[in-house]
Amino acid sequence: MGTKMTNAPVYFTLAQVRHNPILSLDSYVPGIQESLRKAGYPDFQRAMAVVFNLGSVASTVGDTKQEQPQQLRFERFTFSNMERTRGFILDQNSLSFQSTDYDTFESFSGAFLMGLEVVHQAVTFDFSERVGIRYLDAVVPAGGEKELPKYLVPEVLGLAGRLGDDVSVLHSFSETQIRTPVGNILSRTIIQNSQLLPLGFPPDLQPIGLEVAERFKKVNGVYAIIDTDGSSDARESFDLHALKGKLHALHDEIIKVFEATVTAHALNSWK
């Protein structure tokens, strides 16, 4: 994920900065849209998003108090390129950049920082309080399920490859959370069978308005998803240069975790 690979396994990437709430965001959107349109993101969408705050409202049924989820609605704006392979998601509390055509981290982070600067110039952020990067990689062995152990280290394989040739693994899950000097890294490896679950996205992560590369739509047999999520939580005065440094530092840690998850055979096959 640090240098361009010929057969890179990355099929989705997300970067995000959470910032102080901008309740008057709607009034700034026309100027932001015009700047991002000129920068190559002409596809604009406005939508209402709904989230549920569980346990936020108490109600009484008979003599029993029950917690009821509170429904929160907010406006969300998306700015995507013509091909719908990358774009920004803007709401009152955060700016995200998502991509399904990842090239290198330098180009990906450069595009994100450009968009962050555009929005900052329009609204003038006061502080940031979370920086995050997330990668989804598809590990698809050319030889089918028997080859999966050639691509992943034993620590994340579960029982795959250890139960005999007449057994087909339907699902396996491994999760490791790591604290580094830069921030926290959460690494998940999910092994699935495309006959039951086609290659997709975790429930908490859905690409908004983007098209996944065709080669990832044709995954067949047993495969693995490596889901690597790095984040740094600290409320600090908004500083683009400092945020760039955090993004690069998080990326370096994510690379270490990713390379500890896959084998040398996998890395050579993706070059």
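The values are calculated or read from the model by the stated rules, or taken from the named source; none is laboratory data. Remember, predicted model here, so these are calculated numbers, not experimental data. Heads up, the Cβs are rebuilt from the backbone with ideal geometry, glycines too, and the neighbour counts pull from every protein chain shown.
Looking at F258, F216, F201, which is the one that is modelled with pLDDT under 95, closer than 14 Å to R134 by Cβ, surrounded by 14 or more Cβ atoms within 10 Å (Cβ to Cβ) and not acidic (D, E)? Lay out the reasoning, then the answer.
On the way: F258 fails: modelled with pLDDT under 95; F216 fails: closer than 14 Å to R134 by Cβ.
Criteria check complete, one pass: F201.
Which members of region 217-254 meet the condition of being out of contact with any Ser or Thr (no Cβ under 9 Å at 6 or more places or on another chain) and either in contact (Cβ under 8 Å) with a residue 12 or more places away in the chain or assigned to a strand (DSSP E or B) (or both)?
If the condition is that a residue be out of contact with any Ser or Thr (no Cβ under 9 Å at 6 or more places or on another chain) and either in contact (Cβ under 8 Å) with a residue 12 or more places away in the chain or assigned to a strand (DSSP E or B) (or both), then K217, S231, S232, D233, L240, D252 are the ones that fit.
Just name the residue that is nearest to V262 (Cα to Cα) out of those in region 88-138 that are touching a residue at least 60 places away in the same chain (Cβ under 8 Å) and of a type in the set (D, E).
Checking each candidate, the answer is D137.
State yes or no: is V257 closer than 18 Å to L148 by Cα and touching a Ser or Thr at 6+ places or on another chain (Cβ under 9 Å)? Give the derivation first.
Details: closer than 18 Å to L148 by Cα: no; touching a Ser or Thr at 6+ places or on another chain (Cβ under 9 Å): yes.
Judged against the criteria, V257 is not a match.
Out of all the residues in region 234-255, which are under 18 Å from the mean Cα position of the chain (by Cα) and farther than 18 Å from Y135 by Cα? Walk me through it before giving the result.
So the first thing to find is which residues in region 234-255 are under 18 Å from the mean Cα position of the chain (by Cα), and the list is 243-244, 246-255.
Result: L243, single match.
Can you pull out the residues in region 118-146 that are at pLDDT below 90 and crowded, with 18+ Cβ neighbours inside 10 Å? Before the answer, list the steps.
Restricting attention to region 118-146, the residues satisfying the condition of being at pLDDT below 90 are 141-146.
Hits for region 118-146 are P141, E145.
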